[in-house]
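To start, the structure under review is shown below, and the notes come after it.
Please treat every number below as a calculation from the coordinates, not as lab data. None of the values given here were measured: they were computed from a predicted structure. Cβ sites come from the backbone with ideal geometry, for glycine too, and all protein chains shown count toward neighbours.
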Amino acid sequence: MHIGREVEKFLRRSNMPPTRFGRLACNDPRLVGDLRNGREPGRRVARRIVDFIAAQDAAQ
């Protein structure tokens, strides 16, 4: 799984701004921009992203 692709899909279906996603998921408003520029998150950050997306999907 490519985490950046999953984030982009989530952003499209939720209409959440990228900076808000980064702040809520990892307390990093630049997260999505960094992912778009090629950043590969570590295991812990990737887990936080996946868990955040899962929690948001479950809440809807």
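Tell me which residues, restricted to the range 7-42, are of a type in the set (A, V, I, L, M) and assigned to a helix (DSSP H, G or I). Please lay out each step first, then the result.
Keep residues of the range 7-42 that are of a type in the set (A, V, I, L, M), which gives 7, 11, 16, 24-25, 31-32, 35.
Result: V7, L11, L24, A25, L31, V32, L35.
State yes or no: is P18 in contact with a Leu (Cβ under 7 Å, 6 or more places away or on another chain) and without any contact (Cβ under 8 Å) to a residue 24 or more places away in the chain? Don't jump to the end; show me each part of the working.
On the way: in contact with a Leu (Cβ under 7 Å, 6 or more places away or on another chain): yes; without any contact (Cβ under 8 Å) to a residue 24 or more places away in the chain: yes.
Yes, satisfied.
Identify all residues within the range 26-54 that are farther than 20 Å from S14 by Cα and within 10 Å of the chain's Cα centre (by Cα); write none if there are none.
Once the filter is applied, which keeps residues that are farther than 20 Å from S14 by Cα and within 10 Å of the chain's Cα centre (by Cα), the range 26-54 yields only V45.
Could you list, in sequence order, all residues of the range 27-60 that are surrounded by fewer than 15 Cβ atoms within 10 Å (Cβ to Cβ), among the aliphatic types (A, V, I, L, M) and under 19 Å from P17 (Cβ atoms)?
Hits for the range 27-60 are A55, A59.
Given the condition in contact with a Cys (Cβ under 7 Å, 6 or more places away or on another chain) and of a type in the set (A, V, I, L, M, F, W, C), answer yes or no: does some residue in the range 25-48 qualify? Break it down stepwise before answering.
First, pick out the residues of the range 25-48 that are in contact with a Cys (Cβ under 7 Å, 6 or more places away or on another chain): 45, 48.
Adding the requirement that they be of a type in the set (A, V, I, L, M, F, W, C) leaves 45.
Yes: the range 25-48 contains one or more residues that are in contact with a Cys (Cβ under 7 Å, 6 or more places away or on another chain) and of a type in the set (A, V, I, L, M, F, W, C).
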